[in-house]
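One structure, as structure tokens, below. Some questions next.
The values are calculated or read from the model by the stated rules, or taken from the named source; none is laboratory data. Values in this document were obtained by computation on a predicted structure and should not be read as measured data. Backbone-built Cβ (ideal geometry, glycine too); neighbour counts: all protein chains shown. Quick note on the areas: whole protein, heavy atoms, side chains included, nothing else; ligands and nucleic acids left out. Shrake-Rupley method; radii C 1.70, N 1.55, O 1.52, S 1.80 Å.
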2 protein chains.
Amino acid sequence: MSGEQVQESFKNLHDLKLVFSNRAALAAMDPDREVYRVRWWAPVQPATEGGLLWGVTVLQPGRVGDEYFMTHGHLHANRSRAEFYGTVSGNGMLIQMSADRKTWGEVMTPGSLHYVRGENAHRIANTGDAPLVVWACWPSDAGYDYTPIAERGFAARLVQRDGKPVFIEGD
Amino acid sequence: MSGEQVQESFKNLHDLKLVFSNRAALAAMDPDREVYRVRWWAPVQPATEGGLLWGVTVLQPGRVGDEYFMTHGHLHANRSRAEFYGTVSGNGMLIQMSADRKTWGEVMTPGSLHYVRGENAHRIANTGDAPLVVWACWPSDAGYDYTPIAERGFAARLVQRDGKPVFIEGD
């Protein structure tokens, strides 16, 4: 995505050091290695009711130990605000967790379309060998709440077993 | 777009007989000829605040006289509710009209992304030789208001002149 009003953020392994479970594996990796970048377009001011925002995430392939590269994950500050995700290229998993910490994934393949209900925490993981490119569309007054995920994480982790993605419980 | 919950609507030339300016040209065409179809996914009930809907429109190429095939066009009942459009394939024009009837177009090409502010009437026209495939994402409580367009139309029409799309004023 490109354009005059497009903004970009960038996360490397150092930025995500509290996200992955295997600290020993992480310590052996380059902390400057890129995990993902997000470009987004905000046609309206944040908190505008009724407006929409658009973002494109490029999530690199890789694992920390057996855990797939993934985004930080968050909730919307306004828990009624939903979000659409779509897969442009690559293969991944849209990981969601409900308020009662039930955690599940939807397989992302090119062209797949996914709906995240407003009350669900969400993150994406790259389960393939190529960059995972996904777009997202969400209300401009959704807001962001990173605290619950920073404090407790998701209730399950997505790891590679026999070459395939599998959820395992807890930390 | 496909899936269990996907709904579809269909419009032929007969359904759009009040939309095109050249009634003589229209009368000479097959009224059953398809102009467009929309498939949409409503993961939540209409009028749900904070939810989102997704639709894909396939607009056929063609003209009635010199006027390009286009959709009916509408406003959102809730004038604060915005909408994103994206172009999958084909070439077209996203036509918008503000509350003071200023009318303009944004060229749609594969990959182009467009933001429609909540207060603007909007329709799409196919200016190419192949089907125009576009998706749209809008809030589930946006609603639809077809009355202003049915009564007065847009303030400008998109016609072909020397093989290119040009806006002309009024009817």
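Evaluated at 37 °C with a viscosity of 0.692 mPa s, what Stokes-Einstein diffusion coefficient in µm²/s does chain A have when Rh comes from the Kirkwood expression over alpha-carbon pairs?
Using the Kirkwood radius from Cα pairs, D works out to 202 µm²/s.
Here's a follow-up. Total Å² of accessible surface buried at the B-A contact, 1.4 Å probe, nearest 100?
Approximately 1800 Å² gets buried when B meets A.
Shape call for the range A:50-116 from the C-alpha gyration tensor, a ≥ b ≥ c root eigenvalues: rounded (a/c under 1.5), prolate (a/b greater than b/c) or oblate?
oblate
Given Cα positions, please report Rg to Rh for the protein assembly as shown, the hydrodynamic radius being the Kirkwood one.
1.04
Using 14 Å as the cut-off for backbone N distance, which residues of the range A:112-129 belong to the label zone defined by a point 7 Å from the Cα of A:TYR144 along Cα→Cβ?
A:122-124
Another question, then. First select every other residue whose beta carbon is under 12 angstrom from the beta carbon of B:SER98; then total the charges, Lys and Arg +1, Asp and Glu -1.
Neighbourhood net charge equals +2.
Decide, for the range B:90-140, between rounded, prolate and oblate: order the square roots of the alpha carbon gyration tensor eigenvalues as a ≥ b ≥ c, take rounded if a/c falls under 1.5, and otherwise choose prolate if a/b is larger than b/c, else oblate.
Taking the square roots of the gyration eigenvalues as a ≥ b ≥ c, the range B:90-140 is oblate.
Between B and A, which B residue has the Cβ nearest their rotation axis, distance in Å?
Result for the B and A rotation: B:CYS137, 2.
So, with +1 on the Cβ of K and R and -1 on the Cβ of D and E, and no other charges, what is the size of the charge dipole of the range A:1-128 about its Cα centre, to the nearest 20 debye?
260
Ok, one more. Hey, what's the range B:1-87 come to in accessible area per residue, 1.4 Å probe, Å²?
It amounts to 47 Å² per residue over the range B:1-87.
Based on the Cβ-Cβ distance from B:ASP162 to B:ALA27, what FRET efficiency comes out when R0 is 22 Å, to the nearest 0.05?
0.25
Another question, then. Which value, in debye to the nearest 20, gives the size of the charge dipole of the range B:62-166 about its Cα centre, when Lys and Arg are +1 and Asp and Glu are -1 at the Cβ?
Using Cβ point charges on Lys, Arg, Asp and Glu, the range B:62-166 gives about 160 debye.
Find which of B:ILE168, B:VAL6, B:ASN126 sits farthest along the positive direction of the dipole of chain B, computed with +1 on the beta-carbon of Lys and Arg, -1 on that of Asp and Glu, about the Cα centre.
It is B:ILE168, whose Cα lies furthest towards the positive end.
Same structure, new question: Given label points at 7 Å from Cα along Cα→Cβ, what nm distances, shortest first, separate B:VAL6 from the same residue in every other copy?
2.7
Place a +1 charge on the Cβ of each Lys and Arg in the range A:16-81 and a -1 charge on the Cβ of each Asp and Glu, then give the dipole magnitude about the Cα centre in debye, rounded to the nearest 20.
It works out to roughly 120 debye.
Hey, for A:ARG161 with labels 7 Å out along Cα-Cβ, what do the inter-copy distances come to in nm, ordered shortest first?
From this label point to the equivalent ones elsewhere in the assembly: 6.8 nm.
May I pose another question? Out of the total accessible area of the protein assembly as shown (probe 1.4 Å, heavy atoms of protein only), what percent is carbon and sulfur?
That fraction is 49 percent.
Measuring from a point 7 Å out along Cα→Cβ, what nm distances, shortest first, does B:GLN45 have to its partners in the other copies?
3.4
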